[in-house]
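All remarks here apply to the structure that follows.
The numbers here are math on the coordinates, done by the rules we state, and not lab data. Note that the structure is predicted; figures quoted are calculated from it, not measured. A quick note on method: Cβ atoms are made from the backbone with ideal geometry, for glycine too, and the neighbour counts reach across all protein chains shown.
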């Protein structure tokens, strides 16, 4: 899987280099809300867009990873408690079980309607 991911990254990098080489001399107008940047090279716009997009994606992935780690930690604590309870029940001898009367089971109701 890592090899395939590396090949995809390499392919994207090669395509980006090709696009940047083909459009190296082109200038574009960049308008950001109230500010305009005239005569901005296209390769700068592409590189900045990819960089900002990568940073935003990494931030979202970091939040997701932190949430997942918290959930894993909580489940591990719960698992330890359940394991301890299971070990206590396995070590419990038959003599240690309290002699409590079983709850009474109600008699089934008849279907004929005779009450």
- Task: Considering each residue of segment 1-30, count those that are in contact with a helix residue (DSSP H, G or I) (Cβ under 8 Å, 6 or more places away or on another chain) and either at positive phi or assigned to a helix (DSSP H, G or I) (or both), and give that number.
- Result: 3
- Determine which single condition residue 43 fails, assuming it passes every other condition in (1) out of contact with any helix residue (DSSP H, G or I) (no Cβ under 6 Å at 6 or more places or on another chain); (2) outside any loop (DSSP other than H, G, I, E, B). (1)
- Task: Determine, yes or no, whether residue 33 is on the phi < 0 side of the Ramachandran plot and either surrounded by fewer than 10 Cβ atoms within 10 Å (Cβ to Cβ) or in contact with a helix residue (DSSP H, G or I) (Cβ under 6 Å, 6 or more places away or on another chain) (or both).
- Result: no
